[in-house]
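Trainee: Structure in structure tokens, see below.
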Amino acid sequence: MMTNPTNNSGGMPSAPELKEQSRKGLREFFQQRSIKNLVNVLVPSALAAILFPVFGPAVAGGAAAVAIQNGMNLLGISLSADTIGKILKPLEGRQIDESDVQTVLQDLLPIDKQVNDEAAKALVTVVPEVKEAAMMNPKIDAAWLGASLEASLKDQGWIMGKIAPQFRDFIQLDRAALDAVRSRLLADWPQISQEVIASGGSQVSHIEQNMEGRGGHINQRVAASDQSTIQDVRQNTNLT
């Protein structure tokens, strides 16, 4: 795994440096001799390799979330300040390596819908680079990569679980077709949803959903089953 890519000034690497460090991290991950035994952590590990060149020097330098957000933008990835804060909080105040970012993502992806959604979009954004790095290992083929990414995405649930079935065929495409499908996915990203669900005789009350969006589809869902009740729900939507 990569070591902390800090520089003497403690500043964020340039865009070309960040992209090369992310590619290097992906190549190193997929070159591991045990890679085919790591399907259950494939998604958080790949994401950690991509994100570490930004989070590593930021944590070491005490940078604010906005600095990390700017670093993500250099990679062409959009993460909200809230998601960055959730990833950053367990890492603050200590020297970290790539495995630390992986551990945080493993913890967050299955339980936090927002982090899952934004990380899923980030993975789609860089999926050509993920495939390129994986294919440098002669023991890996596109069929294994597609099936393994699908399985790992399903394990995370939420939006990742929803897009998982597309990845088996998605990864089989050549670079031009892969880029085209990726662009369509990003332009028509799965609908943003907020859900309030009560089951097993539970009672949920005083819920407020606030959602803003530009284009696309925004869904807000409230559902009760098994003699459960939901009271006092307010749904506010602002589309621009």
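Trainee: Are any of the pairs 36/113; 89/113; 89/162; 113/139; 19/89 more than 22 Å apart by Cα-Cα distance, and if so, which?
Mentor: Details: 36/113 28 Å; 89/113 17 Å; 89/162 27 Å; 113/139 34 Å; 19/89 24 Å.
From the list (36/113; 89/113; 89/162; 113/139; 19/89), the Cα-Cα distance tops 22 Å for 36/113; 89/162; 113/139; 19/89.
Trainee: A follow-up question, please. How high is the relative contact order of the stretch 78-150, in percent, with contacts defined as C-alpha pairs under 8 Å that are six or more residues apart? Walk me through the numbers before you get to the answer.
Mentor: Working: 28 pairs, mean separation 19.3, N = 73.
Computed value for the stretch 78-150: 26 percent relative contact order.
Trainee: Across bins of 10 angstrom width beginning at 0, how are the C-alpha pair distances of the stretch 15-187 distributed, in whole percent?
Mentor: P(r) over the stretch 15-187, rounded to whole percents: 10, 42, 38, 10, 0.
Values quoted throughout were computed directly from the atomic coordinates according to the rules given, and no laboratory measurement underlies them. Because the structure is a prediction, the values reported are computed rather than measured.
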